[in-house]
1. Rg and Dmax in Å for region 123-252, alpha carbons only: what are they?
2. Any idea what angle helix 202-215 forms with the longest principal axis of the chain, computed on alpha-carbon atoms, 0 to 90 degrees, nearest 10?
3. For a quick check: sort 65, 242, 85 by the number of other beta carbons within 10 angstrom, fewest at the front.
4. For the chain, find the longest principal axis of its Cα atoms and tell me its angle to the long axis of helix 154-164, 0 to 90°, nearest 10.
5. So how far, in whole Å, is the C-alpha centre of region 32-93 from the one of region 178-257?
6. Using only alpha carbon pairs under 8 Å that are at least six residues apart, calculate the relative contact order of region 13-85 and give it in whole percent.
7. Give me 13, 136, 206, 121 sorted ascending by neighbouring Cβ count inside 10 Å, so fewest comes first.
8. Going by the alpha-carbon gyration tensor, a ≥ b ≥ c the square roots of its eigenvalues, is region 7-116 rounded (a/c under 1.5) or, if a/c is not under 1.5, prolate (a/b greater than b/c) versus oblate?
Ligand code: SF4
Ligand code: FES
């Protein structure tokens with residue numbers, strides 16, 4: 001059985017020393033890349049090559065390498081997480097490319113996600129949005145009700161679960177011309193709004209999360225739908241509509257304070 005020849009590629013990679021540096025694209029060549037390797041494995045090979053040449057390796061985020069942690073943020077040929085639908089960069093394989101291709105690799109670009117180095121951006125703005133309300137307060141003092149004792153309609157449970165699959169990767173922000181975080185925030189609001197456990201704090205949650213989202217410098221939603229197309233978890237725009245309803249109803253409800 002003859003082994004398939006590997007890919008020879010030209011990589012145009014964004015290099016930026018730190019947040020103050022202006023940054024620029026650098027050109028690298030990699031050769032004999034197996035079509036079975038993942039995109040991140042190809043980046044590892046590039047970095048081994050750079051280290052061998054005494055150069056600074058390309059900084060990029062990664063952790064699980066199986067589509068769960070949401071850290072492998074990269075813009076590849078102008079698309080968040082590259083070609084292919086509903087995958088993260090770590091789930092992208094080199095078989096999607098052809099021998100001789102030139103691949104452009106850039107970080108997420110959004111005011112709220114400043115570049116730390118090369119392809120690594122600071123997504124802590126998402127953490128601050130979550131800290132503002134992306135949780136359910138539960139009394140865990142020993143008298144907690146068994147979650148299975150609360151009946152939940154199957155359709156609601158399914159929608160809540162779908163919303164909860166958001167991995168906080170930020171592709172929605174990076175793909176949006178306004179750098180809006182509405183898909184992310186609406187997924188987090190929806191996963192609780194659909195369940196009885198989340199309804200106690202629902203009004204407070206949506207108002208606080210939206211407030212922090214705006215303060216962090218994310219843009220407004222203008223319904224282009226780019227976020228939904230590029231989301232690796234297929235989070236639906238329906239969540240944005242639900243969050244808008246939640247926000248409106250919280251704004252008109254009489255406040256307890
Ligand atoms: S909504 Fe989708 S694209 Fe946005 S952070 Fe969640 S998983 Fe990533
Ligand atoms: S490295 Fe975890 S989702 Fe890609």
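Throughout, read-outs are computed from the coordinates displayed, never taken from laboratory work. Because the structure is predicted, anything quoted here is derived from the model rather than measured. Methodologically, a virtual Cβ is constructed for each residue, glycine included, from the backbone with ideal geometry; neighbour enumeration extends over all protein chains shown.
1. So, for region 123-252, Rg and Dmax equal 14.7, 48 Å respectively.
2. That works out to roughly 40 degrees.
3. Details: 65 16, 242 20, 85 11.
Fewest-to-most ranking of 65, 242, 85: 85, 65, 242.
4. Helix 154-164 sits at roughly 50 degrees to that axis.
5. If you average the Cα positions of each part, the centres end up 30 Å apart.
6. Working: 49 pairs, mean separation 10.0, N = 73.
It comes to 14 percent, rounded to a whole number.
7. Sorted ascending by nearby Cβ count, the order is 136, 13, 121, 206.
8. Working: a/c = 1.55, a/b = 1.10, b/c = 1.41.
In terms of gyration-tensor shape, oblate.
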